[in-house]
Every structure is written in C-alpha cells, then in structure tokens.
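Asker: Submitted below is the structure of interest, expressed as structure tokens.
Bear in mind these aren't lab numbers, they're just calculated from the coordinates by the rules spelled out. A quick note: this is a predicted structure, and the numbers were derived from the prediction, not measured. Backbone-built Cβ (ideal geometry, glycine too); neighbour counts: all protein chains shown.
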Amino acid sequence: MAKLRVTGRRGSTVVSSKKLMCCPRIVFHLDSGEVVKRGCGMRGLFPMEGGWRCFYCGHYLYDPTPQPESMWFHFRWAREFWRVQNDRGRDFVNGMPVAGRGDTLPVRLVRDLAEKDPPEWFHQFLVMEEKEFTQYLDQSAGG
C-alpha cells in the first residue's frame, strides 16, 4: 500500500496519494420513510482486504468479487454483534422485536463461527437465495 503524504494548502491539511478514490455519496430511502446516507464525497477511499474504506468517514465498499476467506471474516465479525433472543415465541435482534425469524442461520451451524477457515456450507450461503440454502442444508443433513 502506498504511503500517504500530508501536505499543507492555504491553512488546511490535504491527504494526497494516487491510490485514493472518491468516496461516493449513497442515499437509501427506506419503506419507513427514513433516509439513510452513506459516504462523504471526499477523495479518501483506500484499498483494504475485501474492498475499499474511506479515510474520512469510515464508509466501506466491498469488492464486487471478494474472496470467500475475506467474506467469512466479515461474516463472523458481524455475527459478534447479532444477538438473537426468543421471548414467549417472539424473536428479538439486539433487543429490538423483529417480524418473522430473527436468525436464519440454523443452530447447528453456529458452532462453525469459531473456525478460521470458511466451512463448506458458507460458499453455498454466498451464492444461494434463502430458500435454496435451506433446501441445500436439509439435503446435506439428510445424506
């Protein structure tokens, strides 16, 4: 990775490097009416494993063709903050009630999260839809 060089321009500090890209501003309009904004629009994206991260706002853009090992790391890391609880037949994710199932990952696969290398089912998880993946798991458990 190229070293960043800080230079002064008329009283401000600017980070310059040939590898930095512009952080795109992305706006999502949710069904609830909430508007979610990502990205700062500044030239601060630098390459990291699995994608690009903004030096200024921390926005992360994933590589369109990431390696399964990199995705497994991010999947395991995200699961650390995904706490599902069931109280009187209702699922809660991080204390918030959710409609439907709070966790689509079967309990028997949760123990695989301790592994460093991605298990065989994870490759299928990345490419299949939820119904297809459930059928795949049923077939692999039965056979």
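Asker: Give me the compactness ratio for segment 68-142, meaning the Cα radius of gyration over 2.2 N^0.38 Å.
Answerer: 1.17
Asker: Here is a follow-up. When only Cα pairs under 8 Å and 6 or more residues apart are kept, what is the percent relative contact order across segment 78-143? Intermediate values should be presented prior to the final figure.
Answerer: Numbers: 34 pairs, mean separation 9.6, N = 66.
About 15 percent, as a whole number.
Asker: If you place +1 on the Cβ of every Lys and Arg, -1 on the Cβ of every Asp and Glu, and leave all else neutral, what size is the dipole of segment 68-142 about its Cα centre, to the nearest 20 Debye?
Answerer: On the way: 10 positive and 13 negative charges, 75 e Å.
It comes to approximately 360 debye.
Asker: When the Karplus curve 6.51 cos²θ - 1.76 cosθ + 1.60 is applied with θ = phi - 60°, which whole-Hz ³J(HN,Hα) does each residue of segment 61-78 get, with x for Gly and Pro?
Answerer: Values, residue by residue: 10, 7, 5, x, 10, x, 7, x, 5, 5, 5, 4, 4, 5, 4, 5, 5, 5 Hz.
Asker: Let me ask you something else. Full extension from TYR136 to ARG88: what is 0.36 nm times the residue separation minus their Cα-Cα distance, to one decimal in nm?
Answerer: Contour length minus Cα-Cα distance gives 14.3 nm.
Asker: Can you pull out the trypsin sites (Lys or Arg not before Pro) in segment 34-116 that DSSP calls coil and that have at most 13 other Cβ atoms within 10 Å? Numbers along the way, then the final one.
Answerer: On the way: sites: LYS37, ARG38, ARG43, ARG53, ARG76, ARG79, ARG83, ARG88, ARG90, ARG101, ARG108, ARG111, LYS116; in loops: ARG83, ARG88, ARG101, LYS116.
Here the trypsin sites (Lys or Arg not before Pro) that fit, given the DSSP loop and packing criteria, are ARG83, ARG88, ARG101, LYS116.
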